[in-house]
Amino acid sequence: MSLTKDDIVRALAKENGYQINQSVELIETLLDLIKSNLASGEDVLISGFGKFCVKKKRERRGRNPATGEDMMLAPRRIVTFKCSGQLRKRINE
């Protein structure tokens, strides 16, 4: 089962004594900050957790799976995540 934003909000409220609406505002602000940095092409490093990196993919040849027709895929940016050593160690314990 996946951890949802709602689960995070409720846990934050419970663990820190915040009201639900305060927790929602805190999480939304944090996510907006992360999204805006990634959208501007900046990496996001969260110490002890990992690093979100924006990578550029160049234009490349592809194929339409429905028709088999060759096509050119436009250049784009993608977000990758690399977990920290601490997180990797904790996951593999």
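The values are calculated or read from the model by the stated rules, or taken from the named source; none is laboratory data. Bear in mind the structure is a predicted one, so any value in this text is a computation, not a measurement. Every residue, glycine as well, gets a Cβ built from its backbone with ideal geometry; the counts of neighbours run over all protein chains shown. The protein model used for the area step is the full one, side chains on, heavy atoms only, and it has no ligands, DNA or RNA in it. Shrake-Rupley method; radii C 1.70, N 1.55, O 1.52, S 1.80 Å.
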Among the residues of segment 68-77, is any under 26 Å from Ile91 (Cβ atoms), surrounded by 12 or more Cβ atoms within 10 Å (Cβ to Cβ) and of a type outside the set (D, E, K, R)?
no
Condition (residue is polar (S, T, N, Q) and part of a helix (DSSP H, G or I)) applied to segment 30-40: is it met by at least one residue?
yes
Screening Arg61, Arg90 for residues that are without any contact (Cβ under 8 Å) to a residue 24 or more places away in the chain and either assigned to a strand (DSSP E or B) or touching an Asp or Glu at 6+ places or on another chain (Cβ under 9 Å) (or both) leaves only Arg61
In segment 25-67, residue farthest from Val9 (Cα to Cα) [restricted to those that are open to solvent by 100 Å² or more (accessible area, probe 1.4 Å) and out of contact with any strand residue (DSSP E or B) (no Cβ under 7 Å at 6 or more places or on another chain)]
Pro65
